[in-house]
Amino acid sequence: MTSTVELPLWFFVLILLFAAVTFASHFLFPSVRWFFRRRLERAVKRLNQRLVRPIEPFKLARRYDMIQRLIYDPEVTREIVNYAKDHRVPENVGFEKARSYAREIVPSFSAFTYFGFGIRLARILVNSIYEVWTGPRNETLITSIPQDKTIVFIMNHRSNMDYVLVTYLAAQTSALSYAVGEWARVWPLSRLIRMMGAYFIRRRSRGALYRKVLARYVQMATAGGVSQGIFPEGGLSLTGELMPPKLGLLSYLVEGQEQVERDIVFVPVAINYDRVLEDRVLIAAAQRGDRRFGPRISVVVRFILRKFWQGLRGRYVRFGTAAVAFGTPLSLQEFGPERPIEALGAELMHRIEEAMPVLIVPLLARHLKGAGGPMSNSALVGLVTQDAQRLGQHMPSMTPQELSEAVETGLAGMARNKLVTQGDTGWEIRPGEDAVIDFYAASIAHRFDDNRAVAE
């Protein structure tokens, strides 16, 4: 009993390691987790005091608990049984399939990541690229919506910057949850996106079990009061015009309304830019007749490095204005959840169209497109001045002097983007750039339809 036992050093170290892990897991880790959780709860409480719409408990729930709740939902369970029958597999196989879908969809929201990192990064990124203009009624429209209703922002999709722009502008309102496509399912971007509260969707999936898991998550989040952002076009506009809505997510929201008393208020969000970063990529895809394009890390890195170098040399110039305007909100209960989903989609896209902001570069593109030849600065300033008088609040308010300077700045930006050139007789479209000019002009074309009102 008292004899000496010799152990290899590596084995002794391993024993110590296991002992340390056991001690930490039983005595230290729980208290550490409790300490940080208490601090986080206090931070969230302070945060909710300044937000127009406080973060709902549903959004703060543990990801594991949400996954369990989702896969044991009665509707999901019934679909698991159907999946097992249709595929002739045991029900536990269908259950694991549902679990994999739930883990793929459910985010892992972090208030610290969202407000401590994400919002700051969004602010820096947006303000370094654009001057930001918001509609004059934006704040009033949001504060007028009762707290017991769930807000769903319905947005047109012009650029991948839309996510960043709207997240930044909504920072004082609430934490938005987005539906994000498969393009972002790349580590470490996917991890960050989940921590920002976004959820991934497979746009091409037709499996009934997947659709049911996705539908129930969206419905649970809506019933829990989570503010959401949806791009009903389903992808970036390749032409600059609003595209017909894809009704999948909208239909899930309407179907879920039958099970809860909480009303949904849709807030149309119209987004426009003086410069869309992906303009030529989108136009090339439209000309090919496909949508085979995606973010290339090398291109993004080169862009950032180039802009950083320009900043160091004092030559950095922003890409004009990015504008966001809220349209008239639409209550689902008042609209009628029993009405066809097509009618709801059409009405929301119409309200986005009505709210669409008009910026200088789209105006210049329109006038240069219709000129048929060179135009002088003074002629363009005169036409844009007339437009501004007719469009009212759909444009940023400017004095005549500011408007003249904005036209000069817009033309200079179009020249840097190699869209126009200045000759002895004035400004004209560069050869081969008509498609890009059409892209920008199309975003506001509806404002100048003779059969429709120009301004409200």
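The values are calculated or read from the model by the stated rules, or taken from the named source; none is laboratory data. Computed from a predicted model, the values in this text were never measured in an experiment. Quick reminder, even Gly has a Cβ in these numbers, built from the backbone with ideal geometry, and neighbours come from all protein chains shown.
Within segment 48-98, restricting attention to residues that are buried (at least 18 other Cβ atoms within 10 Å of the Cβ) and touching a Leu at 6+ places or on another chain (Cβ under 8 Å), which residue is farthest from F115 (Cα to Cα)? It comes out as Y83.
Is it the case that segment 261-276 has a residue that's farther than 21 Å from V166 by Cβ and at pLDDT below 90? Let's see the steps before the verdict.
Filtering segment 261-276 down to residues farther than 21 Å from V166 by Cβ leaves 261-263.
With the extra rule that they be at pLDDT below 90, the set shrinks to 261-262.
Yes, segment 261-276 has at least one match.
Pairs meeting the criteria (first residue in segment 331-359 and surrounded by fewer than 23 Cβ atoms within 10 Å (Cβ to Cβ), second residue among the charged types (D, E, K, R), beta carbons under 6 Å, at least 6 apart or on different chains) are S331/D263; Q333/D263.
Only residues that are aliphatic (A, V, I, L, M) and closer than 27 Å to I193 by Cα: list them for segment 86-106, please. So that I can check it myself, show each step before the final result.
Of all residues in segment 86-106, those aliphatic (A, V, I, L, M) come to 89, 93, 98, 102, 105-106.
Once the filter is applied, which keeps residues that are aliphatic (A, V, I, L, M) and closer than 27 Å to I193 by Cα, segment 86-106 yields A98, A102, I105, V106.
In segment 402-434, of all residues being β-branched (V, I, T) and not in a strand (DSSP E or B), the one that is farthest from R275 (Cα to Cα) corresponds to T425. Quick check: anything in segment 375-393 crowded, with 17+ Cβ neighbours inside 10 Å and part of a loop (DSSP other than H, G, I, E, B)? So far as segment 375-393 goes, no, none of its residues is crowded, with 17+ Cβ neighbours inside 10 Å and part of a loop (DSSP other than H, G, I, E, B).
Here V260 fulfils each of the conditions (1) buried (at least 21 other Cβ atoms within 10 Å of the Cβ); (2) without any contact (Cβ under 8 Å) to a residue 60 or more places away in the chain; (3) part of a loop (DSSP other than H, G, I, E, B) apart from (1). Restricted to segment 118-156, and to residues there that are crowded, with 18+ Cβ neighbours inside 10 Å and in contact with an Asp or Glu (Cβ under 8 Å, 6 or more places away or on another chain), the residue that is nearest to V218 (Cα to Cα) is T150.
For segment 77-172, which helices (runs of 4 or more DSSP H) that fit wholly inside it have 2 or more residues that are in contact (Cβ under 8 Å) with a residue 60 or more places away in the chain and within 30 Å of D279 (Cα to Cα)? Walk me through how you get there before you give the answer.
On the way: elements: 91-105, 119-129, 138-143, 161-169.
Hits in segment 77-172: 119-129, 161-169.
Here R280 clears all of (1) modelled with pLDDT of 90 or more; (2) crowded, with 16+ Cβ neighbours inside 10 Å; (3) out of contact with any His (no Cβ under 7 Å at 6 or more places or on another chain) except the condition numbered (2).
Against the criterion of being touching a Leu at 6+ places or on another chain (Cβ under 9 Å), closer than 23 Å to D438 by Cα, touching a residue at least 40 places away in the same chain (Cβ under 8 Å) and not aromatic (F, W, Y), A365 qualifies. Taking the criterion of being surrounded by fewer than 17 Cβ atoms within 10 Å (Cβ to Cβ) and within 31 Å of the chain's Cα centre (by Cα), the residues of segment 409-432 that qualify are A412, A415, R416, K418.
Within segment 196-209, one or more residues are crowded, with 20+ Cβ neighbours inside 10 Å and at pLDDT 90 or above.
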